[in-house]
1. Cβ-Cβ below 6 Å, separation at least six or inter-chain, first residue in segment A:15-34 and small (Gly, Ala, Ser), second part of a strand (DSSP E or B): which pairs?
2. Could you please give the count of residues in segment B:18-53 that are touching a helix residue (DSSP H, G or I) at 6+ places or on another chain (Cβ under 6 Å) and farther than 13 Å from B:Leu100 by Cα?
3. Would you kindly identify the strands (runs of 3 or more DSSP E) lying entirely within segment B:54-112 that contain at least 2 residues that are in contact with a helix residue (DSSP H, G or I) (Cβ under 9 Å, 6 or more places away or on another chain) and of a type in the set (Phe, Trp, Tyr)?
4. Based on this model, can you work out whether A:Leu90 counts as more than 14 Å from every other protein chain (Cβ to nearest Cβ), under 30 Å from B:Gly80 (Cα atoms) and within 10 Å of the chain's Cα centre (by Cα)?
5. For segment B:63-98, name all the residues that are hydrophobic (A, V, I, L, M, F, W, C) and over 14 Å from the mean Cα position of the chain (by Cα).
6. What residue, of B:Glu143, B:Glu63, B:Glu89, is of a type in the set (Asp, Glu), in contact with a strand residue (DSSP E or B) (Cβ under 7 Å, 6 or more places away or on another chain) and either crowded, with 20+ Cβ neighbours inside 10 Å or away from chain A (no Cβ under 14 Å) (or both)?
7. Sort out which residues of segment A:45-87 are within 14 Å of chain B (Cβ to nearest Cβ), of a type in the set (D, E, K, R) and surrounded by 15 or more Cβ atoms within 10 Å (Cβ to Cβ), and write them in order of number.
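We did not get these values from a lab; they are worked out from the coordinates using the rules stated. Keep in mind that this is a model prediction, so the values were computed, not measured. Cβ atoms come from the backbone with ideal geometry, glycine included; neighbour counts cover every protein chain shown.
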Amino acid sequence: MSSPFAAILQTLTRQRGVRASLIVDQNDGIVVDSNLQIGQDGDRVAALAASLYRKARLSAAAARLGRASFMHLEAERGRICAAGHNDLVLVVVADPAANIGLIRVEMMRAVGALP
Amino acid sequence: MTVVAVEAWVEAPLRRFVEDARTVLALLLHPSGQVVAQSGFARAIDVMSACALAAAIHASAGELGRQLEGRPFRGLHHAGRDRQLYLAEAPTARGPFLVLTVFDQESSLGLVRMYFDEFSRNLAAAAPPPPRNAEPVLAQQFEQDLNKNLATLFRRG
């Protein structure tokens with residue numbers, strides 16, 4: 001049986017350069033649903049990305065910048081993008097060469113569909 | 001965060017786990033309830049009661065898991081309002097050890113589970129071979145050993 005998030009995750013993972021997409025509980029850092037390419041460690045990505053997103057959100061609030069809507073981490077061998085809605089975080093892991101603009105548009109569209 | 005251990009080889013893996021997972025309290029013990037190392041506890045009495053409770057919960061949850069799934073549960077998580085606990089077993093050449101971890105909003109269950117897996121591997125790698133003439137844990141020695149370990153952890157005696 002597919003979860004209510006399967007279509008959202010499939011759309012994101014179809015983007016060129018996307019290695020994994022996950023819906024994660026923001027507080028627990030636990031995977032709710034995921035669409036992963038072989039070799040991706042979903043549990044590890046979920047725990048770290050949720051922790052980063054939570055801290056980014058708190059930092060934005062502490063700096064009086066308002067609500068954080070999108071987080072993008074660029075590293076040597078890949079990128080992590082996160083966007084949150086209520087207690088859920090949508091996380092995407094992508095190649096360094098992936099088109100982050102397109103991924104961001106798809107993520108913001110998808111996050112609006114989260115409960 | 002300070003880590004104090006009765007057996008020196010557990011200290012480095014536990015310290016790394018405590019730092020990485022940002023735990024509030026951590027307790028390493030034998031499944032019998034005998035304390036091996038602790039971090040964050042201020043009083044020996046708290047360590048003693050936490051060890052006894054953790055060992056009992058682990059034994060009960062293990063048996064429940066065996067009845068439901070044919071094998072013990074891997075880990076146990078309880079979420080409180082401000083603090084959460086995670087209790088899990090780390091196997092080594094010296095036998096299994098239990099780790100009771102208490103964490104707050106500075107960490108998360110996902111992070112604690114992830115770093116616990118790393119800790120478990122590091123502990124297994126650091127474990128010296130079991131002694132050839134290991135003595136069984138006997139009820140009459142238990143309290144004496146527990147008091148000795150608590151004295152070591154809290155620098156008494």
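1. Partner pairs satisfying both residue conditions: A:Gly17/A:Ala94; A:Ala20/A:Leu36; A:Ala20/A:Val93; A:Ser21/A:Asn35; A:Ser21/A:Val92; A:Ser34/A:Leu22.
2. Number satisfying all stated conditions: 2.
3. Answer list for segment B:54-112: B:97-103.
4. yes
5. Those that are hydrophobic (A, V, I, L, M, F, W, C) and over 14 Å from the mean Cα position of the chain (by Cα): B:Leu64, B:Leu68, B:Phe73, B:Ala79, B:Ala93.
6. Among B:Glu143, B:Glu63, B:Glu89, only B:Glu89 is of a type in the set (Asp, Glu), in contact with a strand residue (DSSP E or B) (Cβ under 7 Å, 6 or more places away or on another chain) and either crowded, with 20+ Cβ neighbours inside 10 Å or away from chain A (no Cβ under 14 Å) (or both).
7. A:Arg54, A:Arg57
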